[in-house]
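The values are calculated or read from the model by the stated rules, or taken from the named source; none is laboratory data. Since the model is a prediction, treat every value here as computed from it, not as a measurement. Cβ atoms come from the backbone with ideal geometry, glycine included; neighbour counts cover every protein chain shown. Calculation scope for accessible area: heavy atoms of the full protein, side chains included, ligands and nucleic acids excluded. Shrake-Rupley method; radii C 1.70, N 1.55, O 1.52, S 1.80 Å.
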Amino acid sequence: MKRRTFIQALNFGIASATLYKGYANEILFSSNAEPENKVLSYHKIKNIRFSTVKMNYPRLVGKNARLDLHGYGPDVEICVIRTDQGAMGWASLRGSRREAEQISGELIGKKMSALFSPKVGTLLQTHIPFDMALHDLAGVILNKPVYEILGRKDPIITDYYSGMIYFDDLEPADRPSGIERILEECQYDYGVGYRQFKLKIGRGHKWMPFSKGLQRDIEVTKAVAEAFPDCRILVDGNNGFTSDQFIQYLKGIPMVNLFWIEEPFHETVMDYQKLRDFLKSEGINTLLADGEADPDQNLLRTLFEKKLLDVHLTDIEGLGFTNWRNLMPNLIQLGAQASPHAWGSLLKSYYTAHLAGGFGNTVTIEGVTSTSDDVDLSGYLVKDGKLIPSSSAGFGMPLLKNI
């Protein structure tokens, strides 16, 4: 997932039309007898600090259809926002630290109510780099978990899938470990509590001759489905197929009931119509999910309107938490579901748990199993294949690192 500047998404009504512009709105939100906004108005931003937190994967994560080794876990860029009343909120940045530093001065000295409204989220689109941190800070000030800010006293609990299963059968390059390695990883993830596995496929796009790669994709899918009959199987092609090639793959797994198909090819109306027609002709009932890689929000809306897609995948940070808040009602109107992309950082999985906890309409959440010496992650629980968000204030992840 590339970090981007603000993603234009006007057709979903989630860009400048719905992000409030100008500090004049402070009057609207702080003097209209809304208790929460009055509480926020007592806090002014004192300072913003930048740092990183280290997230550690339990194993080396290998290749997918397009990218080489993904490593052992990222150093996530974060910001810490403190107020003059001693409140502190933090989160990962949306975009780069350099972009955030350039605008951070605009927030200093401003009332929290001028920057954030519980009913809306971040009020200025230019402040979206701080979107997650402002939600966390608001939760701390109001002593509420983020899902409660979104309107739910008790969160909606959502399924949770392992997004950690890459082409690790191909590693190490000088003595590939084979399919058994994939099964070992699934067993580990089963022990974590997952009951859904997302398998990366598309080995024949870049790493193997197509026919051999296709056969390996088929063998891996069958092996995992057979070894874990109580689990749902999701597959992700990372745009590594043509529509005809992907139909070949489906013909090779007739007995596997896929829960969803993600990004088999770069989205077009023609290709998704061909895939949908094939699925209907074969009586295959599976969800089609897309919108992660370089999403064209106009095209995505068209695909949802034509019922060629079922699940919207744009990244939780890439689009922004506030924009996702505005997008969700539109998806409900379209009869579509959400599952914001969260790969790379477990922090994003946990942010998504609060979005889903407040709104529902989220079919499952992407899991990125991690530990960290910098963040207390203990407030979240994986139980019976579902992710239960922290009930502590904000996103409920205390920083262990002194910043």
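Taking the Cα centre of each part, how many Å lie between segment 112-133 and segment 299-349?
Centre-to-centre distance over Cα atoms comes out at 19 Å.
Tell me, what is the per residue accessible area of segment 55-138 in Å², probe radius 1.4 Å?
34
Assign one of three labels to segment 176-260, namely rounded, prolate or oblate, based on the Cα gyration tensor with a ≥ b ≥ c the square roots of its eigenvalues; rounded applies when a/c is under 1.5, prolate when it is not and a/b is larger than b/c, and oblate otherwise.
prolate
Take the chain, connect every pair of alpha-carbon atoms lying under 10 Å apart with a spring to form a Gaussian network, then pick out the residue of HIS70, HIS266, HIS127 with the largest mean-square fluctuation.
Of HIS70, HIS266, HIS127, the Gaussian network model singles out HIS70 as fluctuating most.
Assuming a strict under-15 Å limit between Cα atoms, what lysine pair count do you get for segment 247-403 once near-sequence pairs (fewer than 8 apart, same chain) are dropped?
Lysine pair count for segment 247-403: 6.
Mean residue ellipticity at 222 nm from the helices of the chain, using -39,500 (n - 2.57) per DSSP H segment of n ≥ 4 over the full residue count, to the nearest 500 deg cm²/dmol?
Here the helix-only value at 222 nm equals -10000 deg cm²/dmol.
What's the center-to-center distance, using Cα atoms, between segment 367-401 and segment 240-269 in Å?
33
Where the accessible area of the chain is counted over protein heavy atoms with a 1.4 Å probe, how much of it, in %, is carbon and sulfur?
49
Can you work out ³J(HN,Hα) from phi for every residue in segment 134-150, in order, using Karplus 6.51 cos²θ - 1.76 cosθ + 1.60 and θ = phi - 60°, giving whole Hz and x for Gly and Pro?
For segment 134-150, the Karplus-derived couplings read 5, 5, 4, 4, 4, x, 5, 4, 8, 6, 9, x, 4, 4, 6, 4, 6 Hz, x marking Gly and Pro.
Between ALA91, ALA293, ALA338, find the one with the highest GNM mean-square fluctuation for the chain; connect C-alpha pairs within less than 10 Å.
ALA293
Determine the relative contact order of the chain: mean sequence separation of Cα pairs under 8 Å and six or more apart, normalised by residue count, in whole percent.
22
Report the percentage of all Cα-Cα pairs in segment 102-254 whose separation exceeds 21 Å, rounded to a whole percent.
For segment 102-254, the fraction of Cα-Cα distances above 21 Å is 61 percent.
7 Å from Cα along Cα→Cβ at both LYS212 and LYS46: what's the point-to-point distance in nm?
Simple spin-label model gives 6.2 nm for this pair.
Amide H neighbours of LEU309 under 5 Å, counting only residues 5+ apart in sequence or on other chains, H built in-plane at 1.01 Å?
For LEU309, whose amide H was placed from the backbone, the distant partners under 5 Å are PHE304.
Go through segment 329-345 residue by residue and turn each phi into a ³J(HN,Hα) via Karplus (6.51, -1.76, 1.60, θ = phi - 60°); whole Hz please, and just put x for glycine and proline.
With the stated coefficients, segment 329-345 comes to x, 5, 5, 4, 4, 7, x, 10, 10, 10, 6, x, 4, 9, 4, x, 9 Hz.
Regarding segment 100-144, what whole-number volume in Å³ per residue does the convex hull of its Cα atoms give?
Hull volume normalised by residue count: 68 Å³.
Among HIS43, HIS354, HIS135, whose mean-square fluctuation peaks in a Gaussian network model of the chain (Cα, cutoff 10 Å)?
HIS43
Show me the three semi-axes of the equivalent ellipsoid for the chain, from the C-alpha gyration tensor (sqrt of 5 times each eigenvalue), largest first, rounded to whole Å.
Each semi-axis is √(5λ); the values are 38, 23, 18 Å.
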